[in-house]
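The values are calculated or read from the model by the stated rules, or taken from the named source; none is laboratory data. Given the structure is predicted, the values throughout are model-derived calculations rather than measurements. Here the Cβ positions follow ideal geometry from the backbone for every residue, glycine too, while neighbour counts run over all protein chains shown. Surface areas here come from the heavy atoms of the whole protein model, side chains and all, with no ligands, DNA or RNA. Shrake-Rupley method; radii C 1.70, N 1.55, O 1.52, S 1.80 Å.
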Amino acid sequence: MAKLIYIADPMCSWCYGFGPELTTLLGGLPDTQLELIVGGLRAYNKEVMDEKLKATLLHHWKKVEEVSGLPFAKDGLSHEGFIYDTEPACRAVVAAGMLAPDTALDVFHAIQHGFYAENLDTTKGEVLADIAVSVFEKADINIDAAEFLKTWASEEARNATEADFTQTKLWGVSGFPTLVLEKSGELHLVTSGYTKTETLIERLQELIDQPA
């Protein structure tokens, strides 16, 4: 049985832009399993963002906004002393997967929307907990912020997140988003970078039609 592997980071702007394309693709493949691996775009960063980096990132965000049509907050990256560390957000996705596996991708997308469209500081546990719990509530899953934060802060979640980062490096993935097809025990690259749904479908069909 073929499986898709999605390697991405919830605080990666092109991954945010890619979200609707992936959602449309998966909507047409309801029986296809998706494994989500968090990539760690800027994991464990300790430096406070300076104006030069902020300007560079906002320039990238403008491009993503133009291509994808998704909303971006006008006051993005305005938090005082902001440290662009993507590990906490990645770990929130992992924690959601540990608590309620079917919600991981929804939490991933909700964190993206919170960070990019609402200018929430998604490096903070309480912010991530609020986002995750809102997803759980929509799915009628009874997990509160305290339970989520306990799992998010656990050694198990930290180790599982780091294992995803390590796997990403072992595969040689350096750009996000990356989508891979696992077929007959072998990995096949579908896309590295933002790609429209129509092209994803074409590439997937080519890979599936290839003889084993």
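So the values come out like this:
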{"read-out": "Where a residue in region 61-83 is farther than 14 Å from residue 18 by Cβ and of a type in the set (A, V, I, L, M) and its partner, wherever it lies, is open to solvent by 60 Å² or more (accessible area, probe 1.4 Å) and part of a loop (DSSP other than H, G, I, E, B), with Cβ under 8 Å and at least six apart", "value": "73/118; 83/46; 83/47"}
{"read-out": "Qualifying positions in region 48-66 - open to solvent by less than 70 Å² (accessible area, probe 1.4 Å) and either of a type outside the set (Ser, Thr, Tyr) or in contact with a Lys or Arg (Cβ under 7 Å, 6 or more places away or on another chain) (or both)", "value": "49, 53, 54, 55, 57, 58, 61, 64, 65"}
{"read-out": "Residue selected from region 76-99 under the condition among the charged types (D, E, K, R) and touching a Lys or Arg at 6+ places or on another chain (Cβ under 7 Å), by the criterion surrounded by the most Cβ atoms within 10 Å (Cβ to Cβ)", "value": "91"}
{"read-out": "From 167, 205, residue being within 17 Å of the chain's Cα centre (by Cα), among the polar types (S, T, N, Q) and in a helix (DSSP H, G or I)", "value": "167"}
{"read-out": "Criterion (within 29 Å of residue 25 (Cβ to Cβ) and not in a helix (DSSP H, G or I)) met by exactly one of 108, 72, 115", "value": "72"}
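Quick grid of which residues meet (1) at pLDDT 95 or above; (2) buried (at least 17 other Cβ atoms within 10 Å of the Cβ):
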site: 20; (1), (2): yes, no
site: 36; (1), (2): yes, yes
site: 39; (1), (2): yes, yes
site: 74; (1), (2): no, no
